[in-house]
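The values are calculated or read from the model by the stated rules, or taken from the named source; none is laboratory data. Because the structure is a prediction, the values reported are computed rather than measured. Glycine also receives a Cβ, built like all others from the backbone with ideal geometry; neighbour counts cover every protein chain displayed. Heavy atoms of the whole protein, side chains included, go into the accessibility calculation; ligands, DNA and RNA do not. Shrake-Rupley method; radii C 1.70, N 1.55, O 1.52, S 1.80 Å.
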Amino acid sequence: MNKDNKIPSAENPFKLLNLKSTGVKKWAAGVPAVMAAFSDLFEEGVPVRGTKALFKMNQKGGFDCPSCAWPDPDDDRSVVGEYCENGAKALAEEATTKKVTAAFFKENSVYDLANLTDFEIGRFGRLAEPMYLPQNGTHYQPISWDDAFKKIAEHLNALDSPNEAAFYTSGRTSNETSFLYQLFAKEFGTNNMPDCSNMCHETSGFALLATLGVGKGTVKLDDFYDTDVIVIIGHNPGTNAPRMMSALEKGKRNGAKIIAINPVPEAGLMGFHNPQHLDGVVGHGISLADLYLPVKINGDMALLKAIELLLLDFEKKSPGQVFDLDFIAKKTIGYDAFIEQFNDYNLEKLAEESGISPADLYQAAQMLAFKKRIIFCWGMGLTQQPNGVDMLKEIVNLLLLKGSIGKPGAGVCPVRGHSNVQGNRTMLINEKPTEEQLDRLKEVFGFEPPRQHGYDVVRAIKAMHAEKVKVLFCMGGNFLSATPDTTYTAEALRKLRLSVCVSTKLNRTHLVHGQEALILPTLSRSDLDIVNGEPQFISTENSMGVVQSSKGILKPVSDQLINETQIVCRMAMATLGSRSVINWQLYANNYDAIRDIIARCIPGFEDYNTRVRQSSGFYLPNAAREGKFITKKYIDRAPFTLTALPENLLAGDEYMMATVRTHDQFNTTIYGLEDRYRGIKNERRVVMMNQKDIDKAGFTAGQKVDLFNYDDDIERIAPLFVIVAYPIPEKNTMTYFPETNVLVSINNVVAGSNMPASKFVKIKIRKHNPAIYQSVDKMLEDAHSVAG
Ligand SMILES: Nc1nc2c(c(=O)[nH]1)N[C@H]1C(S)=C(S)[C@@H](COP(=O)(O)OP(=O)(O)OC[C@H]3O[C@@H](n4cnc5c(=O)[nH]c(N)nc54)[C@H](O)[C@@H]3O)O[C@H]1N2
Ligand SMILES: Nc1nc2c(c(=O)[nH]1)N[C@H]1C(S)=C(S)[C@@H](COP(=O)(O)OP(=O)(O)OC[C@H]3O[C@@H](n4cnc5c(=O)[nH]c(N)nc54)[C@H](O)[C@@H]3O)O[C@H]1N2
Ligand SMILES: [Mo]
């Protein structure tokens, strides 16, 4: 709250634009994508700067695309550039020469900025200088870097315990920064390191570590080119990993079949016009899914069990031809108990629960039955489900039956989100570090790291709300808009003594802040990073465990930007002073020195500095990929897991809602207002519904409605949405995040991984009532009065 008693809005304004709905597309990319990519650069006014950078993106010796974590081909890279439309948009977003300076903040109060949409907030350009918001302040004001670090140090050192601070990371942070950042948090004395993985692929790591002994995917890009079947479940590659489309295309041309499992027929699952091939731009492209299964939201467990049941049936008829009995005997444990459970299941019931007909389930099972090389790819459609961990373990069960892990052309492929989210984890950004990892740090650096596990995202929010965490430091990201239960989370943030965001662009977390707040601007992936007169490179790890260098080329928009490693080192020196046993000064100016120390602390990084300079980088060791499954419980055996079938009961007037991304956003950064492949234009406040549900409820497409959630007996309201008729299973709905995060209870989490279950939100939909704003005000008031 500022001194006028006005509270900056934690949400996008409740206003509608002018929806145009043109119907679902059947293929992704092609000419419109190329046009869109370049038009974004022009819109940002940076055609020459941007195009030059575009050609360096994902090239050897160039920089890693800041958008997604899909790997680059090991050898032949496209001469046109290894980028996609959405990578180009991410670049346009960074490469803009527009700046947000002290003068801008002087003119615009925090309150006024918060009344803009996320799309508008993002248009102002790159953050150009460090800014400070004093207690009760209405406007951010400039602060020197030294004073900013002094402020942080004062606050951190005034805490009763280091565990009253939390250090968040979003997935763009380089390996070098990540390592130093976690090292600082540990030397300061806490494992409170919530990160975006806690909302993204924590579920994958959790399930895979327990079953395969490696919390990451097991396939390489080459595996896609020579495989029998690729299953894509709960993922939208056309929008969220467009370069994956080229791999699917190549696999398909080499004879692979594709099964797509998704409540909605996403264009990128159906067909692909490759914009980087001439025939993709002007020709016919290629159809992708050989079988599309429109599963109900969270019907995937029933679907997987149905396929397993059918495979078991086939195996009984052709013993030894469907299951890999040799692999099962040598490499797994728990087969008999696993098979026994199928006595309790029947196909009709599973078909009904999944929403897929027995005939289609039969076809899916047949496509898998006599094939040995199967790849399963997945995204947030599974990881953000309450039983996501179990569903991923069920995928592992299926692959174990087929002996389809740890051999070429087969395995698991969780498609990571942020471009270095996997690297952050490898660099020990984790609220639950292992004893071995901590022992190693102790041995190398000579301080005693904290052993007590820290807070993940959901626990950190609750701890802030309970005033157990008083300082939040964010290395990138947009904490407020990425997290669930917006009203509750905003309250939690407002109770902080200090919130600090290291950012490239303005976002809502800067506007919904602690009693004092700092914005620290930094270089982005495409920016030239000069240290001691020399251009530097950083390194990242992609979705397939390849570590590569990345060197920006664009002149930074302001000479006040410093890189993230310097931010960490200067914060560490200001905070720890002579308490520290680490030579932060050395690391502040020397990436090679950081990599040398990483090489000593983290297995797989031996000789880091030499190998990272190889043009294609290097693969990290991955025992599961080699067919060795070393879990906590078993030596070289992967366990079959017994999982439960969820009971998904909805009341008569309830619907299930999944929150997803549009084609024109990168998480909370909104590039534009067109969800092109879904044919939804110029509106984000939409709720996609089945026409039959629309009719049954007496609504019409285009009608204004309000959305409600009642978890924990609290009324959560998202006012003013428009209905779009959409091919989605009955009783299922889809909306865009972050607009509907307000409906996701902080307690609606994935069992085991504790991630918000943002694809499984029970809602009610009512005709829009203009008086609803009074209820919204009341909802906010209640929250504030609870906050005290
Ligand atoms: N352009 C762009 N690229 C991105 C991002 C971005 O925002 N924009 N974000 C990045 C990040 S951090 C991530 S994690 C990834 C996310 O990439 P995705 O995992 O593709 O993310 P979502 O858009 O959340 O969509 C998930 C898909 O799951 C489906 N789905 C929903 N519920 C269910 C279900 O119950 N079962 C099944 N089988 N499917 C379901 C939805 O229809 C949707 O197609 O993308 C990364 N890349
Ligand atoms: N309801 C719902 N909620 C979700 C999801 C969902 O599907 N549904 N998805 C979840 C997922 S998968 C994820 S990964 C999270 C994402 O959560 P976050 O990672 O926290 O969010 P982003 O939107 O990626 O962060 C954008 C901000 O990062 C900053 N930034 C960009 N590049 C850099 C950089 O190079 N350095 C620094 N320091 N800052 C930079 C910019 O200031 C920008 O405003 O959201 C989660 N939230
Ligand atoms: Mo993500």
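Restricting Ile530, Ile538, Ile597 to those that are in contact with a helix residue (DSSP H, G or I) (Cβ under 8 Å, 6 or more places away or on another chain) and surrounded by fewer than 24 Cβ atoms within 10 Å (Cβ to Cβ) reduces the list to Ile597.
Looking for something in contact with a helix residue (DSSP H, G or I) (Cβ under 9 Å, 6 or more places away or on another chain), outside any strand (DSSP E or B) and within 16 Å of ligand 3 (Cβ to nearest atom) - is there at least one such residue anywhere in the stretch 639-654? No: zero hits. Scanning the stretch 657-680 for residues that are within 13 Å of ligand 3 (Cβ to nearest atom) and in contact with a helix residue (DSSP H, G or I) (Cβ under 8 Å, 6 or more places away or on another chain) yields Thr659, Val660, Arg661, Phe666, Asn667, Thr668, Thr669.
Among the residues making up the stretch 412-434, those that are of a type in the set (Ser, Thr, Tyr) and away from ligand 2 (no atom under 13 Å from the Cβ) are Thr426, Thr434. Evaluate the following for Met656: is it open to solvent by less than 40 Å² (accessible area, probe 1.4 Å) and within 25 Å of Cys196 (Cα to Cα)? It is true that Met656 is open to solvent by less than 40 Å² (accessible area, probe 1.4 Å) and within 25 Å of Cys196 (Cα to Cα).
Taking the numbered list (1) open to solvent by 10 Å² or more (accessible area, probe 1.4 Å); (2) over 18 Å from Gln135 (Cβ atoms) in turn, Arg497 passes all entries but (2). Met193 passes every criterion in (1) more than 16 Å from ligand 2 (Cβ to nearest atom); (2) under 25 Å from Gln452 (Cβ atoms); (3) aliphatic (A, V, I, L, M) apart from (1). The conditions of being open to solvent by 20 Å² or more (accessible area, probe 1.4 Å), within 21 Å of Ala365 (Cα to Cα) and not in a loop (DSSP other than H, G, I, E, B) are not met by Phe224.
Residues in the stretch 515-552 that are over 20 Å from Gly477 (Cβ atoms) and within 16 Å of ligand 1 (Cβ to nearest atom): 1 in all. All conditions in (1) part of a loop (DSSP other than H, G, I, E, B); (2) more than 11 Å from ligand 1 (Cβ to nearest atom); (3) open to solvent by less than 20 Å² (accessible area, probe 1.4 Å) hold for Leu208, with the sole exception of (1). For the stretch 591-603, the criterion of being part of a loop (DSSP other than H, G, I, E, B), touching a residue at least 24 places away in the same chain (Cβ under 8 Å) and out of contact with any Asp or Glu (no Cβ under 9 Å at 6 or more places or on another chain) is satisfied by at least one residue. Scanning the stretch 151-195 for residues that are in a helix (DSSP H, G or I) and open to solvent by less than 10 Å² (accessible area, probe 1.4 Å) yields a total of 15.
The residue that is most open to solvent (accessible area, probe 1.4 Å), among those in the stretch 574-589 that are of a type in the set (A, V, I, L, M) and touching a residue at least 24 places away in the same chain (Cβ under 8 Å), is Val581. If I filter the stretch 690-745 down to residues being of a type in the set (Ser, Thr, Tyr) and more than 21 Å from Glu11 (Cβ to Cβ), which single residue comes out as surrounded by the fewest Cβ atoms within 10 Å (Cβ to Cβ)? Restricting to residues being of a type in the set (Ser, Thr, Tyr) and more than 21 Å from Glu11 (Cβ to Cβ), the top hit is Thr700. Scanning the stretch 617-635 for residues being part of a loop (DSSP other than H, G, I, E, B) and surrounded by 14 or more Cβ atoms within 10 Å (Cβ to Cβ) gives a total of 8. Candidates Gly423, Gly409: the one that is crowded, with 22+ Cβ neighbours inside 10 Å and outside any loop (DSSP other than H, G, I, E, B) is Gly423. Residues of the stretch 449-470 that are surrounded by 22 or more Cβ atoms within 10 Å (Cβ to Cβ) and either β-branched (Val, Ile, Thr) or free of Cβ contacts under 8 Å to residues at least 40 places away in the same chain (or both): Val457, Val458, Ile461, Val469. Only a single criterion out of (1) open to solvent by less than 30 Å² (accessible area, probe 1.4 Å); (2) assigned to a loop (DSSP other than H, G, I, E, B); (3) at pLDDT below 95 is not satisfied by Lys216, namely (1). Just one of (1) more than 16 Å from ligand 1 (Cβ to nearest atom); (2) farther than 22 Å from Glu176 by Cβ fails for Pro433. It is (2).
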